[in-house]
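Attaching a single structure in structure tokens format; questions to follow.
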Amino acid sequence: MEIENKIDFSDVEPFDLPEYLVENKNLTKSEASQLIDKVGPELAWVYAVGADGVDAAIQGTEKAPPLINAEILYIDGQTVGIRAIAEDDDGEALLKKLKALGLDGSVRGNTVSGSIPISKIGELAKLENLGWAKAIIMPVFGGPIIEEDIPSAPEEVIQLKITPSELTEAVEPNTSISFDVNYSTEPAETPTTGIAFGMHWDSSQVAFDPVTGLTERFSLGAQPISAVLDDPVTNGGLDGDPNTDKYILQAWVDEKGNWPNNSNLTLYTANFTTLPGFEGTQINFSANSDDLPANSNFVPSSIALTSPAPSPALDIDGNGVIDALTDGLVAIRYLFGFRGETLTEGVVGEGATRNTEEIVAYLDEVGDTMLDVDGNGTAGALTDGILFMRHALGFEDQALIEGAVSPDATRTTAEAINAHLQSFSL
Ligand SMILES: [Ca+2]
Ligand SMILES: [Ca+2]
Ligand SMILES: [Ca+2]
């Protein structure tokens, strides 16, 4: 038996689309080929014949290339439905350029879809960022247009932030300090499966006291879990800081992925006591990336604990004693304008902790206030300097101030002068 399934091509008229574009759109043959290459035969043909030509083809009065079914193109007025792919995956940038051409549409991942004026197809084909474009084809059964399952852009990485309530705090030795350890996310209030992180400190500077005010558990088990551990010192340990040698690990877990379901949460209050030799330290936070929720980054902030700046005192050479023939004379020489050797030669006390340079730096910083003893707005050698020397020598009352107070002074009595100098005693 002979099977009759041969297709008869005798009715199909030859149609040279590149030639048709050359005739109708004033393109060279190679420009026409490039256009077809970029936007496909359907859009190239629509560009050549326009909306009316598409209509005419549907009516049978205009030629259409074989294999193009004009009826299933998405023509609306003078626009045509397209889908375009960004060559460099930057769909947003492609959308912007297409909108400039009059596109009404949207982007999903690297794919832009929408309707564009037919007259702009030539310009569309020349866009630098365009991988390719195609006409959207209506499903022939007449149902709704179905979006292809295009891989969406990667999800935004969640920033998990651990921020102490203070970033710096000045604290004396032998003093208790507390600060809150706060949790937040970016984008805000993004729930996750939990968090585990370490708080690191230097045990030669501060003693760890148990944390207080731990936030409640949220879903599973007795939380949080915590343990005091040593900080592995290789490369500074988990926090990368070689000075910190201990840390406590805290973990919260929610198997439902709904932790903490709260924004700007205080996880706990950290408590430390500074040790007698405290000079300043830093408390850091760390997380092991393997222990973080998927698709998240850990963004910690440290707290710097500093020892407070010593308050200025008339002990100018810093040997622990206020003395007329050393500190007093240095002050007078300084106020006269002596610097270098001539400032300190023979007048620095035994056990001085400041050298000449440091004395100048110290007086440059605090001299204006401390050494303006009579309070007339400037520090003078033969007024303020003399008042300081007499005070250090034990002079009182009229003997203290006689002939040494400026006419425009704001402190004119022995009592006021004394009070000022006393405020800079050790
Ligand atoms: Ca460390
Ligand atoms: Ca001194
Ligand atoms: Ca003065």
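Through the Karplus equation 6.51 cos²θ - 1.76 cosθ + 1.60, θ set to phi - 60°, convert the phi angles of the range 129-135 into ³J(HN,Hα) values in whole Hz; use x for Gly and Pro.
My calculation for the range 129-135 gives 7, 7, x, 7, 10, 8, 6 Hz in order.
Regarding the range 310-390, what is the average projected area of its C-alpha convex hull, in nm²?
For the range 310-390, averaging the hull's shadow over all directions gives 4.7 nm².
Quick query: amide H of residue 203 versus all other amide H atoms, modeled in the peptide plane; which residues come in under 5 Å with a sequence gap of 5 or more or a different chain?
Amide H neighbours of residue 203, under 5 Å, 5+ apart: 245, 246.
Helix 91-100 versus the longest principal axis of the chain: what angle, 0 to 90°, nearest 10, using Cα atoms?
That works out to roughly 70 degrees.
Something else now. For residue 227, put the label point 7 Å out on the Cα→Cβ axis and report which residues of the range 272-300 keep their amide N under 18 Å from it.
Backbone N within reach: 286-292.
Can you tally the net charge around residue 392? Count Lys and Arg as +1, Asp and Glu as -1, for every other residue whose Cβ sits under 15 Å from the Cβ of residue 392.
It works out to a net charge of -4.
Here is a further query. For a distance above 19 Å, tell me the whole-number percent of Cα pairs in the range 158-306 that qualify.
In whole percent, the share of Cα-Cα pairs in the range 158-306 beyond 19 Å is 51.
Enter the angle in degrees (range 0 to 90, nearest 10) between the Cα long axis of helix 356-370 and the first principal axis of the Cα atoms of the chain, meaning the one along which they spread out most.
Between helix and principal axis, roughly 90 degrees.
If the label point is 7 Å along Cα→Cβ of residue 71, which residues in the range 24-64 have backbone nitrogen under 13 Å from it?
57-60
So what's the back-of-envelope 222 nm ellipticity for the chain, counting only DSSP H runs of four-plus at -39500 (n - 2.57) apiece and dividing by all residues, rounded to 500? Working shown, then result.
Working: 10 runs with 104 residues, N = 426.
Theoretical 222 nm ellipticity from helices: -7500 deg cm²/dmol.
Which number do you get for Rg(Cα) / (2.2 N^0.38 Å) in the range 33-84?
1.06
Same structure again: Plugging the Kirkwood radius over Cα pairs into Stokes-Einstein for the range 278-426, at a temperature of 20 °C and a viscosity of 1.002 mPa s, what D comes out in µm²/s?
The estimated diffusion coefficient comes to 121 µm²/s.
Using only the Cα atoms, what convex hull volume per residue in Å³ does the chain have?
So the per-residue Cα hull volume is 344 Å³.
Something else now. With every atom except the alpha carbons ignored, what do you get for Rg and Dmax of the range 17-135, in angstroms?
13.7, 42
In the neighborhood of residue 43, defined by Cβ-to-Cβ distances under 14 Å, what is the net charge if each Lys or Arg adds +1 and each Asp or Glu adds -1? Can you show the working numbers first?
On the way: positive: 25, 38, 83, 120, 126, 134; negative: 37, 42, 123.
Result for the local shell: +3.
Another one. Order of 322, 248 from fewest to most other C-beta atoms within 10 Å? Each step should come with its number before you reach the end.
Working: 322 21, 248 18.
Result, fewest neighbours first: 248, 322.
Coordinate-derived values only; no laboratory data. Everything numeric here is computed off the predicted structure, so don't read it as measured data. We place every Cβ from the backbone using ideal geometry, glycine too, and count neighbours over all the protein chains shown.
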